[in-house]
1. Just to check your reading of the model, which residue among Pro176, Pro98 is surrounded by fewer than 16 Cβ atoms within 10 Å (Cβ to Cβ) and touching a Phe, Trp or Tyr at 6+ places or on another chain (Cβ under 9 Å)?
2. Let me spell it out: the conditions are (1) closer than 26 Å to Met228 by Cα; (2) touching an Asp or Glu at 6+ places or on another chain (Cβ under 8 Å); (3) surrounded by fewer than 21 Cβ atoms within 10 Å (Cβ to Cβ), and Leu18 meets all of them except one. Which number is the exception?
3. Could you say whether any residue in the stretch 66-80 is touching a strand residue (DSSP E or B) at 6+ places or on another chain (Cβ under 6 Å), in a helix (DSSP H, G or I) and in contact (Cβ under 8 Å) with a residue 60 or more places away in the chain?
4. When you go through (1) among the hydrophobic types (A, V, I, L, M, F, W, C); (2) surrounded by fewer than 19 Cβ atoms within 10 Å (Cβ to Cβ); (3) over 25 Å from Gln163 (Cβ atoms) one by one for Leu86, which number turns out not to apply?
5. From the set of residues in the stretch 3-40 that are among the hydrophobic types (A, V, I, L, M, F, W, C) and over 22 Å from Asn56 (Cβ atoms), which is modelled with the highest pLDDT?
6. If you take just the helices (runs of 4 or more DSSP H) that sit entirely in the stretch 127-235, which of them hold at least 3 residues that are touching a strand residue (DSSP E or B) at 6+ places or on another chain (Cβ under 6 Å) and free of Cβ contacts under 8 Å to residues at least 24 places away in the same chain?
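The values are calculated or read from the model by the stated rules, or taken from the named source; none is laboratory data. Note that the structure is a prediction, hence the values are computed from the model and not measured. Glycine also receives a Cβ, built like all others from the backbone with ideal geometry; neighbour counts cover every protein chain displayed.
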Amino acid sequence: MSKPKFARILYKISGEALMGSQSFGIDPEMVSRVVEDIISAKEQGTSIALVVGGGNIFRGVALASGGADRVTGDHMGMMAIIMNALALRMEFDKRGVPATILSGLAVPQVCDPFTQRGMIEARDRGDVVIFAGGTGNPYFTSDTAAALRAAEFGADAIFKGTQVDGIYSADPKKDPNAERFQTLSHDDVLEKRLTIMDAAAVALSRDNDIDLVVFSIHKPGELARVVMGEGIFTYVSSA
């Protein structure tokens, strides 16, 4: 069996992806499909951590845009992320795959708080590590939390499953002339203002030599193909 191209990754999943065909909430069939893909990639020999968003349940920024308190809104968003993390862990449990949730927002009744020691212990015993609760601080997106946790996890790359099969110059669903990029640098992403992740997350990834890999979350089995260097994706590196 050949070795994976990426030995250790952080997989960033949007909350919206967990909605499946629904307009709100968590679609159990989509959670099952996502977890199946992760297990397939793990079986290739890749160590995997997850960060999931919470936009399928609640967006703190949306609440703040209506005049509400941003800090409270962001805390509500972090709790939505924890709900998604619990849904993912339940599916891993059903399949007999060890998964540990570590939360930046302390909710000890439902999951362990994030500590570096706890993360290393879970990672080194082969668990899928699910980072929940964002950074635990307001004003930071789940993208920034993903970049931070990827650095702490020692990830080779952040994988981001999206609605399309890579990074484009514009939304290809709206612009038929949008250019698809095969490779980019972190600086290219920042200079071209490509909105695949927020600027703070891209800069943090660049400064810690963490590559970005963007592919379609809607292709079953694509995650396992991409960790082997196959499939269709856009590759962002510092080189």
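1. Values: Pro176 fails: touching a Phe, Trp or Tyr at 6+ places or on another chain (Cβ under 9 Å).
Just a single option satisfies the conditions, and that option is Pro98.
2. Unmet for Leu18, out of (1) closer than 26 Å to Met228 by Cα; (2) touching an Asp or Glu at 6+ places or on another chain (Cβ under 8 Å); (3) surrounded by fewer than 21 Cβ atoms within 10 Å (Cβ to Cβ): (3).
3. No.
4. Against the list (1) among the hydrophobic types (A, V, I, L, M, F, W, C); (2) surrounded by fewer than 19 Cβ atoms within 10 Å (Cβ to Cβ); (3) over 25 Å from Gln163 (Cβ atoms), Leu86 comes up short only on (3).
5. Kept after step one, since they are among the hydrophobic types (A, V, I, L, M, F, W, C), are these residues of the stretch 3-40: 6-7, 9-10, 13, 17-19, 24, 26, 30-31, 34-35, 38-39.
Okay, now just the ones that are also over 22 Å from Asn56 (Cβ atoms), so 6-7, 9.
Numbers: Phe6: 95, Ala7: 95, Ile9: 98.
Per the stated criteria, the residue is Ile9.
6. Details: elements: 142-153, 186-191, 199-207, 222-227.
Answer list for the stretch 127-235: none.
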